[in-house]
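A short worksheet on the structure shown next.
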Amino acid sequence: MIYLELFCTFLVIGLFTFGGGYSMVALIQDAVVQRHGWMSAQEFTDMLALSQMTPGPIGINTATYAGYTAVAATGAGEAASVAGALVASVAVVLLPVALLLAVCRWMERHRENPRLATALRLLRLTVVGLVAAAALSLLTAESFGLPGWNRQFVYSVAIFAAVFVAAWRYRVSPALLIVLAGAAGWIVYG
């Protein structure tokens, strides 16, 4: 039963998420933390950090980890948990890949249509909103500490601001920012 729940949950997430893995984060968090209770908010935050540091798309990495954790939480063994990771990973990409292939064929036939160009511009705006919503959903006590002038909150906001400015203004490599932010976190909290 857990496999069917995982498959249906991540199939829907994959189908209704536009803009890549970061836009999936809010939907995955809602599904695995609030709706199903497969993990706590702290576990989700930790999983998200690991998903960002491991190679591959964040949406698939997050789905893989969530599938593994959901099955492991039932008391199932290692092999069953790996199967849960596989089910969630396949489900999150199944429909998007099928739709992508169909849309690519359609767009190839209609590439000169001005309405298509307008629709694509509107989709870009939607993606920006989804990514912003995902970013805002991560502003939690688990990520930053409780708001106020306590040490964890101030350092978390300072690291966040430094990474944001370095990425946006100076175009510093995301890989380097992950290493530097991890080192700063280790020094501050280590």
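The values are calculated or read from the model by the stated rules, or taken from the named source; none is laboratory data. Quantities reported herein were computed from a predicted structural model and do not represent experimental measurements. Backbone-built Cβ (ideal geometry, glycine too); neighbour counts: all protein chains shown.
Taking the criterion of being closer than 28 Å to Gly185 by Cα and small (Gly, Ala, Ser), the residues of segment 105-150 that qualify are Ala132, Ala133, Ala134, Ala135, Ser137, Ala141, Ser143, Gly145, Gly148. From the list Leu95, Leu116, the one residue that fits, being surrounded by 11 or more Cβ atoms within 10 Å (Cβ to Cβ), more than 25 Å from Gly59 (Cα to Cα) and not polar (S, T, N, Q), is Leu116.
Checked against (1) modelled with pLDDT under 90; (2) at positive phi, Arg171 passes all but condition (1). Residues in segment 49-60 that are touching a residue at least 40 places away in the same chain (Cβ under 8 Å) and either over 17 Å from the mean Cα position of the chain (by Cα) or surrounded by fewer than 22 Cβ atoms within 10 Å (Cβ to Cβ) (or both): Gln52, Met53. Does Arg111 satisfy being surrounded by 10 or more Cβ atoms within 10 Å (Cβ to Cβ) and more than 23 Å from Ile58 (Cβ to Cβ)? When the stated conditions are applied, Arg111 does not pass them.
Quick one: which residue in Pro114, Pro174, Pro96 is within 30 Å of Leu4 (Cα to Cα) and not hydrophobic (A, V, I, L, M, F, W, C)?
On the way: Pro114 fails: within 30 Å of Leu4 (Cα to Cα); Pro174 fails: within 30 Å of Leu4 (Cα to Cα).
Result: Pro96 is the single residue among Pro114, Pro174, Pro96 that is within 30 Å of Leu4 (Cα to Cα) and not hydrophobic (A, V, I, L, M, F, W, C).
Can you pull out the helices (runs of 4 or more DSSP H) entirely within segment 1-64 that have at least 3 residues that are modelled with pLDDT under 90 and in contact with a helix residue (DSSP H, G or I) (Cβ under 7 Å, 6 or more places away or on another chain)?
21-29, 41-53
Would you say Val32 is without any contact (Cβ under 8 Å) to a residue 60 or more places away in the chain, of a type in the set (Val, Ile, Thr) and buried (at least 18 other Cβ atoms within 10 Å of the Cβ)?
Details: without any contact (Cβ under 8 Å) to a residue 60 or more places away in the chain: yes; of a type in the set (Val, Ile, Thr): yes; buried (at least 18 other Cβ atoms within 10 Å of the Cβ): yes.
Here the answer is yes, as Val32 does meet what is asked.
The set of residues in segment 119-156 that are hydroxyl-bearing (Ser, Thr, Tyr) and surrounded by 14 or more Cβ atoms within 10 Å (Cβ to Cβ) comprises Ser137, Thr140, Ser143, Tyr155, Ser156.
Against the definition (of a type in the set (Phe, Trp, Tyr), more than 12 Å from the chain's Cα centre (by Cα) and surrounded by 11 or more Cβ atoms within 10 Å (Cβ to Cβ)), how does Phe44 come out, yes or no? Break it down into steps so the answer makes sense when it comes.
On the way: of a type in the set (Phe, Trp, Tyr): yes; more than 12 Å from the chain's Cα centre (by Cα): no; surrounded by 11 or more Cβ atoms within 10 Å (Cβ to Cβ): yes.
So Phe44 fails the test.
Each residue in segment 155-190 was checked for being β-branched (Val, Ile, Thr) and more than 25 Å from Gln29 (Cα to Cα), and 4 of them qualify.
Among the residues of segment 70-77, are any in contact with a helix residue (DSSP H, G or I) (Cβ under 7 Å, 6 or more places away or on another chain), in contact (Cβ under 8 Å) with a residue 12 or more places away in the chain and surrounded by fewer than 20 Cβ atoms within 10 Å (Cβ to Cβ)? Scanning segment 70-77 turns up at least one residue that is in contact with a helix residue (DSSP H, G or I) (Cβ under 7 Å, 6 or more places away or on another chain), in contact (Cβ under 8 Å) with a residue 12 or more places away in the chain and surrounded by fewer than 20 Cβ atoms within 10 Å (Cβ to Cβ). Would you confirm whether any residue within segment 136-143 is closer than 30 Å to Val33 by Cα, among the small types (Gly, Ala, Ser) and more than 21 Å from the chain's Cα centre (by Cα)? Among the residues of segment 136-143, not one is closer than 30 Å to Val33 by Cα, among the small types (Gly, Ala, Ser) and more than 21 Å from the chain's Cα centre (by Cα), which makes the answer no.
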